[in-house]
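In what follows, a structure is listed as structure tokens, so that the remarks can point back to it.
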Amino acid sequence: MFEATQINRKNLGREKLSRIVLGGMTAILILPVILILGTLIYKGAPVVSFDFLFTSPTNGMTAGGIFPALLGTILLVIVALLASVPLGVAAAIYLSEYAPDNWFTRTINLAIINLAGVPSIVHALFGLGAFVIFFRFGTSILAASLTLAIMTLPVVIVATRESLQAVPMAFREACWNMGATRWQTIRRIVLPNAVTGILTGVILEVSRTAGETAPIMFTGAVFFLPFLPQGVFDQTMALSLHLFVVSTQVPEMPEAVPYGVALVLIGLVLLMNSVSIALRMYLRGKKKW
Amino acid sequence: MNNKQSTAPEAVNDFDQLNRDWYIDKAVQILVFLGGISAIIFIIGIFVFISKEGLGFLLGDFSFKEFFFSPNWRPTSENKVTYGILALIAGTASVTGLAMLIAIPFSLGAAIFIAEFATGKTREFLKITVELLAAIPSVVWGFIGLAMMNPLIIDLFDVPVGLNVLNAGIILGLMAAPIMTSIAEDALKAVPDRYREAAEAMGATRWQVIYKVVLPAAKNGLLGAVLLGVGRGFGETMAVLMATGHAINIPTSVFDSVRALTATIAAELGETAVGSSHYQALFTIGISLFVITFIINLVADLVVRGVKKG
């Protein structure tokens with residue numbers, strides 16, 4: 001009586017088929033990349049050593065390490081964060097705590113989506129026209145970092161806004177009822193409850209900023225510098241641009257060197273992302289409301 | 001609104017304090033508002049500054065027809081300098097097109113699998129993997145195209161050069177797919193569970209639920225994901241610079257080397273003198289890129305918002 005009819009069997013067969021096909025598509029998407037990463041590690045790992053990380057390149061970059069590039073990337077990221085985190089958090093506070101639901105707020109949201117969608121090379125053109133030429137910062141860490149900051153601003157805004165909105169409305173209402181002003185409520189109640197979420201966004205931004213190449217090419221990063229930058233108005237080398245340089249611009253480059261640089265760069269980026277994901281999962285496990 | 005019933009001896013001080021709090025509150029409100037409108041200011045700023053640098057070219061002897069319909073990009077020619085971006089448009093279009101041919105079906109398939117079939121640990125693992133894949137920097141993808149895909153394509157297809165539309169298309173496809181997957185997955189998750197439950201209660205199989213209920217309901221969100229993926233591929237710079245072969249060419253097969261709009265700016269801007277017509281022409285390409293991605297993002301936003309209203 002409950003035997004599957006022919007139609008039932010056909011439908012169940014289709015379900016099984018769809019599961020296999022879709023699962024296969026997922027695997028086809030993921031497996032090659034894992035294979036590629038494996039190759040990167042296999043070919044790059046022998047090069048990466050303490051010396052590789054902490055000495056300068058020699059012999060026209062075909063030997064030696066990547067220290068100036070690594071340091072440059074760290075400096076670029078720090079300066080970019082100093083600019084974008086306060087601005088991004090302020091923007092997110094406005095959007096989450098103050099902004100009414102009207103056309104103006106929708107325009108802001110559209111601008112944020114667009115800021116994230118504008119091609120990185122266009123950000124580079126903007127950085128060149130605005131910071132290098134108009135504000136006369138020259139090609140410098142400052143100009144490159146500000147370009148990166150504007151480009152990655154949406155990452156901070158979106159992550160912060162989400163974690164602010166995850167704080168229950170009742171927390172705010174309780175605080176307002178005690179006679180606290182809006183800002184007191186935000187500072188004492190909303191921000192402390194959202195700080196880990198904001199942190200995950202900031203770490204994601206670090207990862208994005210460290211990996212970008214095009215926006216810094218004409219605004220502050222250079223192919224090679226014989227000395228380390230002394231301040232924010234100096235030029236610098238950077239890890240991402242260094243990978244481009246050693247894999248395309250230097251003749252007779254030993255094959256392993258670009259693999260090593262790629263491995264360090266991707267290691268840095270994936271480490272940051274993993275930390276951010278781990279923090280988010282920890283937060284989800286801990287959430288009390 | 002503030003507390004007025006304090007009868008303590010320091011009532012006056014209290015009042016000063018309240019006054020101060022009120023001013024701080026107002027000041028903060030103004031500050032965060034400035035933060036809020038910063039995104040608008042930056043978008044306008046980007047447009048103004050790249051237009052300012054490119055304007056000389058547009059106001060000079062700019063020919064719309066030559067710029068968009070001539071395949072000759074010869075900015076440093078000694079005989080006759082021409083700025084035609086048709087070949088570059090063809091390069092960008094062919095690479096993005098091939099990338100989307102790969103990325104759209106696979107990322108939508110993966111999104112459906114992750115959202116509707118995978119459960120528990122598998123689902124969590126797949127989501128995290130996709131997120132990590134989306135984080136791989138574009139210059140690393142370019143390097144992969146150059147160092148791994150290039151010899152692979154030469155071996156497999158017996159062609160002299162492996163840096164071509166096929167290489168860049170695959171690289172760009174792999175690159176855009178994780179982003180499209182996670183946006184599409186969000187769109188599928190936004191379909192309320194009660195839709196699925198209602199269909200299941202009618203005796204529908206999982207696939208019937210997906211095909212007849214979930215996909216139609218998530219249609220706009222999925223379209224938005226595709227559009228954002230197109231925008232990403234279109235604006236990608238480093239990967240296409242390194243994997244296309246960077247030769248000005250209107251491709252006739254996937255084994256032809258091409259050159260993309262974005263890559264042209266990246267490769268040539270460093271060698272031009274600020275304010276020269278070559279420099280201004282590159283900024284004009286930048287303006288075109290900005291306008292096109294702006295339109296793509298705007299349409300994607302309108303499409304996605306359509307789903308929320310309905």
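Within 10 Å of each Cβ of A:271-277, how many other protein chain Cβ atoms are there on average? Walk me through the intermediate numbers first.
Numbers: counts 0, 1, 7, 4, 0, 2, 5.
Taking all residues of A:271-277 together, the mean is 3.
Take region B:120-235, drop everything but the C-alpha atoms, weight them equally and run the Debye formula without solvent; then report log10 I(q)/I(0) at 0.09, 0.13, 0.15 Å⁻¹ to two decimals.
-0.37, -0.67, -0.80
Once you charge only the Cβ atoms, +1 for Lys and Arg and -1 for Asp and Glu, what is the size of the charge dipole of chain A about its Cα centre, to the nearest 20 debye?
The dipole of chain A has a size of about 1180 debye.
Tell me whether region A:35-96 comes out rounded, prolate or oblate; compute the Cα gyration tensor, take square roots of the eigenvalues as a ≥ b ≥ c, and use a/c under 1.5 as the rounded threshold. Don't skip to the end; give the middle numbers.
Values: a/c = 4.66, a/b = 1.99, b/c = 2.34.
It comes out oblate by the Cα gyration axes.
If you take every residue apart from residue A:152 with its C-beta less than 14 Å away from the C-beta of residue A:152, what net charge results, scoring Lys and Arg +1 and Asp and Glu -1?
Numbers: positive: A:208; negative: A:205, A:212.
Net charge in that neighbourhood comes out at -1.
Give the residue from A:233, A:45, A:117 lying farthest towards the positive end of the charge dipole for the protein assembly as shown; charges sit on Cβ (+1 for Lys and Arg, -1 for Asp and Glu) and the dipole is referred to the Cα centre.
It is A:117, whose Cα lies furthest towards the positive end.
Which length gain, in nm to one decimal place, applies between residue A:31 and residue A:6 when the Cα-Cα distance is subtracted from 0.36 nm times their residue separation?
Working: separation 25, 0.36 × 25 = 9.00 nm, distance 3.67 nm.
Full-extension gain reported as 5.3 nm.
Any chance you could list the semi-axes, whole Å, largest first, of the equivalent ellipsoid that the Cα gyration tensor gives for region A:50-286, using √(5λ)?
Details: eigenvalues 294, 80, 40 Å².
Semi-axes (√(5λ), whole Å): 38, 20, 14.
Among B:234-243, B:176-185, B:57-66, A:25-34, how do they line up by average Cβ neighbours within 10 Å per residue, starting with the highest? Could you put the intermediate results ahead of the total?
Details: B:234-243: 29.4, B:176-185: 26.1, B:57-66: 12.5, A:25-34: 17.5.
Top of the packing list down: B:234-243, B:176-185, A:25-34, B:57-66.
In debye to the nearest 20, how big a dipole does the protein assembly as shown give about its Cα centre with +1 on each Lys and Arg Cβ and -1 on each Asp and Glu Cβ? Mind showing how you got there, number by number?
Details: 40 positive and 36 negative charges, 379 e Å.
So the magnitude is around 1820 debye.
Based on the inverse mean of 1/r over its pairs of different Cα atoms, what is the Kirkwood hydrodynamic radius of region B:1-157, in Å? Walk me through the numbers on the way to the answer.
On the way: mean 1/r = 0.0425 Å⁻¹.
Hydrodynamic radius (Kirkwood, Cα only) of region B:1-157 equals 23.5 Å.
Projected onto the charge dipole of the protein assembly as shown (+1 at Lys/Arg Cβ, -1 at Asp/Glu Cβ, origin at the Cα centre), which of A:171, B:290, A:89 gives the Cα projection farthest towards the positive end?
A:171
With an 8 Å cut-off on Cα pairs and a minimum separation of 6 or more residues, tell me the relative contact order of chain B in percent. Please report the intermediate quantities before stating the final value.
Numbers: 396 pairs, mean separation 73.3, N = 310.
Computed value for chain B: 24 percent relative contact order.
What is the spin-label model distance, in nm, from residue B:193 to residue A:173 if the labels are put 7 Å beyond Cα along the C-beta direction?
2.5
Longest segment of chain A with no trypsin sites (Lys or Arg not before Pro) in a DSSP loop having at most 15 other Cβ atoms within 10 Å? Working shown, then result.
Values: sites that count: A:136, A:287, A:288.
That would be A:137-286.
Stokes-Einstein diffusion coefficient for the protein assembly as shown at 20 °C in a medium of 1.002 mPa s, Rh from the Kirkwood formula over Cα pairs: what value in µm²/s? Write down the numbers at each step before the final one.
Working: Rh = 26.0 Å.
Answer from the Stokes-Einstein relation: 82 µm²/s.
Which of the GluC sites (Glu not before Pro) across region A:1-98 are loop residues per DSSP, with 15 or fewer other Cβ within 10 Å? Walk me through the intermediate numbers first.
Working: sites: A:3, A:15, A:97; in loops: A:3.
Those satisfying the criteria are A:3.
Roughly speaking, what is the centre-to-centre gap between region A:257-283 and region B:47-98 when only Cα atoms are used, to the nearest Å?
Centre-to-centre (Cα) distance: 38 Å.
Could you give the nm distance between label points at residue B:291 and residue A:223, where each point is 7 Å from its Cα heading toward the beta carbon?
It is 3.4 nm.
Going by the alpha-carbon gyration tensor, a ≥ b ≥ c the square roots of its eigenvalues, is region B:11-60 rounded (a/c under 1.5) or, if a/c is not under 1.5, prolate (a/b greater than b/c) versus oblate? If you can, show how the numbers build up before the last one.
Numbers: a/c = 11.25, a/b = 5.84, b/c = 1.93.
Since a/c reaches 1.5 and a/b is larger than b/c, the shape of region B:11-60 is classed as prolate.
Taking a quarter of the surface of the convex hull around the Cα atoms of region A:97-164, what do you get in nm²?
On the way: hull surface 21.8 nm².
Quarter of the Cα hull surface area: 5.4 nm².
For region A:76-229, with only Lys/Arg (+1) and Asp/Glu (-1) charged at the beta-carbon, what is the dipole magnitude about the Cα centre, in debye rounded to 20?
Using only the charged Cβ atoms, the result is roughly 220 debye.
Which three semi-axes in whole Å describe the equivalent ellipsoid of chain B, each the square root of 5 times a Cα gyration tensor eigenvalue, listed largest first?
Working: eigenvalues 382, 241, 62 Å².
Semi-axes, largest first: 44, 35, 18 Å.
So what is the relative contact order of region A:133-289, in percent, for Cα pairs below 8 Å that sit 6 or more residues apart? If you can, show how the numbers build up before the last one.
Details: 164 pairs, mean separation 50.2, N = 157.
For region A:133-289, the relative contact order is 32 percent.
Amide H neighbours of residue A:64 under 5 Å, at least 5 residues apart or on other chains, H built in the peptide plane: list them.
A:58
222 nm [θ] for chain A, helices only, -39500 (n - 2.57) per DSSP H run of 4+, per residue, to 500?
Details: 12 runs with 194 residues, N = 289.
Rounded to the nearest 500, the figure is -22500 deg cm²/dmol.
Before anything else, pin down the relative contact order of chain A: Cα pairs under 8 Å, at least 6 apart, normalised by residue count, whole percent.
This gives 26 percent for chain A.
Compute the FRET efficiency between residue B:81 and residue B:25 as 1/(1 + (r/R0)^6), taking r as their Cβ-Cβ distance and R0 = 56 Å, and round to the nearest 0.05. Display every interim value, and only then the final one.
Details: r = 60 Å, r/R0 = 1.07.
It comes out at approximately 0.40.
For B:149, A:178, what's the fewest-to-most ordering of other Cβ within 10 Å of each Cβ? Write down the numbers at each step before the final one.
Details: B:149 22, A:178 9.
The fewest-first ordering by Cβ neighbours comes to A:178, B:149.
Output the DSSP H helices from chain B with an along-axis C-alpha extent of no less than 18 Å and a mean Kyte-Doolittle hydropathy no less than -1.0. If you can, show how the numbers build up before the last one.
Details: long enough: B:11-59 (68 Å, 1.08); B:86-112 (37 Å, 1.95); B:120-134 (22 Å, 0.24); B:165-189 (34 Å, 1.28); B:215-235 (30 Å, 0.94); B:277-309 (48 Å, 1.20).
For chain B, where a helix must reach 18 Å along its axis and average at least -1.0, the hits are B:11-59, B:86-112, B:120-134, B:165-189, B:215-235, B:277-309.
Mind listing the long-range amide H neighbours of residue B:82? Cut-off is under 5 Å, sequence gap 5 or more, other chains count too, H placed in the peptide plane at 1.01 Å from N.
Residues meeting the amide H criterion: B:74, B:77.
Mind listing the phi-derived Karplus ³J(HN,Hα) values for region A:95-101, rounded to whole Hz, using 6.51, -1.76 and 1.60 with θ = phi - 60°, and x for any glycine or proline?
Result, rounded to whole Hz: 5, 7, 9, 10, 5, x, 8.
Does region B:165-294 come out rounded, prolate or oblate, given a ≥ b ≥ c as the square roots of the eigenvalues of its C-alpha gyration tensor, rounded meaning a/c under 1.5 and, failing that, prolate meaning a/b above b/c?
prolate
Going through the cross-link list A:10/B:212; B:127/B:189; B:189/B:212, which pairs have a Cα-Cα distance over 18 Å in this structure?
Long pairs (Cα-Cα over 18 Å): none in the table.
Within 10 Å of each Cβ in peptide B:280-289, how many partner chain Cβ atoms are there on average? Round it to a whole number, please.
On the way: counts 0, 0, 2, 5, 0, 3, 10, 2, 1, 5.
The per-residue average across the peptide is 3.
Here, each number is a calculation from the coordinates, and none is a lab measurement. Being a predicted model, the structure only gives us computed values, none of them experimental. Methodologically, a virtual Cβ is constructed for each residue, glycine included, from the backbone with ideal geometry; neighbour enumeration extends over all protein chains shown.
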